[in-house]
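Data block below; observations after.
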Amino acid sequence: MINAIVRIGTTTINVTKTFRDTLSFAFIIILKMFNKNSYNSATRQVLIHQIYFTSVQILPLFIGISIIFGTLLMGIVLQIIKNLGLAEHLGRIIMDIVVTELAPFVTVLLIALRSSSAINAEIAVMKVNKELNTLDKFNIDPVDYLFLPRVINGVLSVVLLSAFFSILVLTSGLLFSKLLFGLSLESYSNVLLSSANFYDIIISLVKCCTFGFFITLIPIRFGLHATNDLTSIPIAVLNGMVDVFIAIIFIEVLSLILIFI
Amino acid sequence: MRLFEDEVTLDKELNDFTEKNRETLGLVSLDVPLISNLDVSVNIALIKQYHENLSADKAQNLVLSYLTRYSLEHISSKRNPALTNKERFCAMLLRAAMVRDSIIVIDRPFTIIPDVKDDRFIYDALKVVDDSFKQCHIFDYLWFKDRYGMIGL
């Protein structure tokens, strides 16, 4: 019994410590983000490379998944709307499902699977190879040079790819709305525009930014946990990715609560 | 030239010296490796880009001109694991020379270029970039004393 209580207490302390450390690290990054001295030719170059690796290289896969998954889902959703006789809520349902919920979630999952794991491994390898020591000896702040461009890239990539996903899926929605409801392009656009809610778009934007921020920040933090031992790399990546997944669920739940209160 | 009898003393003296000259330090050491996911040219250009905000193009051209002095233009797009020991040493030396008014510190050079038997290569490599640094200090073990004929004690 006492052991169980001790275990619960230890776990609670560890979780609280992880949460607190993540937030304090986030605070440092945010401070740096708004400090113009953090930006120079080297950080801009890293940012451009990161955007290329995260947002451009992923495009073929992203477009494929958006079209296949989005089109099928739109077909099912519109069919259900028709069967339930909810045609007058068509625009609202599409906007809520696609723009506010589906687009950020699918985008963040894809980017987390591809880029967060890469960032986590990259930072861990740099730590093991003493490359962070190199930056230190040459008076290069790793927050400016390594972390900040990756976090900014995470925010930009999730926002832009999420918007792109929404456009692709809403376009495929046009096809089904024409087939099922006989809506023209103009009518479909009007339905969507009249259903667009400024508050929802802001929530969606904030959610994308928060997703992008934490799915890059957490892997960086866990990458730094690697020791000088090669075997610490997979452990750092594993722990980091589990926390990224928990963060995604946490932010998603938080945003749902915000929307429904 | 600073030679020491044992590793502990060498590490301590090196640490003291690097901390004292932190602002202008250009360290060449196996403990300060090239960043493995960057090309040699980006590794070297990074110093100028970060500290002097030199544009990427200008920094790359500058690095290429320095690599040409060593006839090592061909390594500009290579990464650390693909370099020979001598190429790696030159790349690390160039990176150190990129620091403004740099005080170059070479930590145990024969561990970076173990296939080199005397200091002729180090001397020649330093001579090529002698317009780019203020001072150069070599930290090594006393039992390598005989290898330093060119640079002298």
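The values are calculated or read from the model by the stated rules, or taken from the named source; none is laboratory data. Computed from a predicted model, the values in this text were never measured in an experiment. Note that each Cβ is placed from the backbone with ideal geometry, even for glycine, and that neighbours are counted across all protein chains shown.
Things to note:
- The set of residues in the stretch B:104-153 being free of Cβ contacts under 8 Å to residues at least 40 places away in the same chain and among the aromatic types (Phe, Trp, Tyr) consists of B:Phe110, B:Phe121, B:Tyr123, B:Trp143.
- Subset of the stretch A:10-45 that is surrounded by 16 or more Cβ atoms within 10 Å (Cβ to Cβ) and more than 30 Å from B:Lys48 (Cα to Cα) - its residue that is nearest to the other protein chains (Cβ to nearest Cβ): A:Thr22
- The lone exception for A:Ile76 - which of (1) at pLDDT below 95; (2) surrounded by 16 or more Cβ atoms within 10 Å (Cβ to Cβ) it fails: (2)
- All positions within the stretch B:73-115 that are assigned to a loop (DSSP other than H, G, I, E, B) and crowded, with 21+ Cβ neighbours inside 10 Å: B:Met98, B:Val99
- Looking across B:Glu19, B:Glu7, one residue alone is among the acidic types (Asp, Glu) and away from every other protein chain (no Cβ under 14 Å). It is B:Glu7.
- For B:Leu46, the stated conditions hold: it is without any contact (Cβ under 8 Å) to a residue 60 or more places away in the chain, within 10 Å of chain A (Cβ to nearest Cβ) and surrounded by 21 or more Cβ atoms within 10 Å (Cβ to Cβ).
- Only helices (runs of 4 or more DSSP H) whose full extent lies in the stretch A:94-200 are considered here, and the ones with at least 2 residues that are of a type in the set (Val, Ile, Thr), surrounded by 22 or more Cβ atoms within 10 Å (Cβ to Cβ) and touching a residue at least 12 places away in the same chain (Cβ under 8 Å) are A:103-111, A:117-128, A:148-181.
- Per-region count, the stretch B:93-150, residues among the charged types (D, E, K, R) and under 16 Å from B:Ile47 (Cα atoms): 3
For every residue, the table says whether it meets (1) of a type outside the set (Phe, Trp, Tyr); (2) within 12 Å of chain A (Cβ to nearest Cβ); (3) closer than 13 Å to B:Tyr66 by Cβ.
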| site | (1), (2), (3) |
| --- | --- |
| B:Arg88 | yes, no, no |
| B:Leu93 | yes, no, yes |
| B:Ala96 | yes, yes, yes |
| B:Asp107 | yes, yes, no |
| B:Phe110 | no, no, no |
| B:Pro114 | yes, no, no |
| B:Lys117 | yes, no, no |
| B:Arg120 | yes, no, no |
| B:Ala125 | yes, no, yes |
